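Readers should treat all values here as calculations from the given coordinates under stated rules, not as data from a laboratory. The shown structure was predicted, so the numbers you read here are calculated from the model rather than taken from an experiment. All Cβ positions, glycine included, derive from the backbone under ideal geometry; neighbour counts span all protein chains shown.
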Amino acid sequence: MIDTRKIKLTVNGRACEREVETRMTLADFLRHELDLTGTHVGCEHGVCGVCTVLINDISVRACLMLAVQAHGKAITTVEGLANPDGTLNGLQQAFREHHALQCGFCTPGMLTTLTEFLAHNSDPSEAEIRLAISGNICRCTGYQSIVAATLHAAKALREGKS
């Protein structure tokens, strides 16, 4: 017999209710139950950061959390970061302009991690940004373009342009 539970949560601003296996990870729930495939799965050990989502505005590794643990919570995936009209938000646009993505595999986790970071630090140094993303592995960019994009987005936020 498979153990299941009913969960209710909000994902990207939309109420959601599902019956899920108690052993299903949040990453699998988002990808397979809600078809939100922007949340990637990499190491499945919480090391690489590609599965990072925001839960109640705090970055969390979706591969380490069970879907049932998200009951009653608000989750934001990379799909939920765009502006309400569907255009890219300031951080996403800065990533685009500064070529801060190449293969794109780490990008959703980077964006969600940096979204939380910028919400608490609107004037970060390069060192602070590097520390903020130290739990996110990128094999393509060398991180400099990600740091440059984040500095640009932070400046735009401070100036009210984003």
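Applying a 10 Å radius around every beta-carbon, put 3-12, 26-35 in order of their mean neighbour count, most first.
The peptides rank, most packed first, as 26-35, 3-12.
Specify the angular offset, from 0 to 90 degrees and rounded to the nearest 10, of the alpha carbon long axis of helix 144-158 from the longest principal axis of the alpha carbons in the chain.
On a 0 to 90 degree scale, this one is about 90.
If you line up the long axis of helix 107-120 against the longest principal axis of the chain, both from Cα atoms, how many degrees apart are they, to the nearest 10?
70 degrees
Among bridges DSSP assigns within the chain, what percent are antiparallel (round to 5)?
Given both bridge residues lie in the chain, the antiparallel proportion sits at roughly 90 percent.
Can you compute the charge dipole magnitude of the chain about its Cα centre, using +1 on each Lys and Arg Cβ and -1 on each Asp and Glu Cβ, nothing else charged? Give it in debye, rounded to the nearest 20.
60 debye
In square nanometres, what is the average projected area of the Cα convex hull of the stretch 81-129?
For the stretch 81-129, averaging the hull's shadow over all directions gives 3.8 nm².
Using 0.36 nm times the number of residues separating His120 and Lys155, minus their current alpha carbon distance, what extension gain do you get?
Contour length minus the Cα-Cα distance gives 11.2 nm.
With +1 assigned to the C-beta of every Lys and Arg and -1 to the C-beta of every Asp and Glu, and no other charges, what is the dipole magnitude of the stretch 4-80 about the Cα centre in debye, to the nearest 20?
220 debye
For Thr115, Thr52, what ranking results if the residue with the fewest other Cβ atoms within 10 Å of its Cβ goes first?
So the ranking, lowest neighbour count to highest, is Thr115, Thr52.
Quick one: compute a quarter of the convex hull surface over the Cα atoms of the stretch 1-92 and quote it in nm².
Projected over every direction and averaged, the Cα hull of the stretch 1-92 covers 6.1 nm².
Calculate how large, on average over all directions, the projected area of the Cα convex hull of the chain is; give the answer in nm² to one decimal.
9.3 nm²
Over the stretch 90-158, consider all pairs of different Cα atoms and compute the Kirkwood hydrodynamic radius from their mean reciprocal separation; express it in Å, one decimal.
Roughly 11.5 Å, rounded to one decimal.
What FRET efficiency, computed as 1/(1 + (r/R0)^6) with R0 = 35 Å and r the Cβ-Cβ distance, is obtained for Glu44 and Ala15, rounded to the nearest 0.05?
It comes to 0.80.
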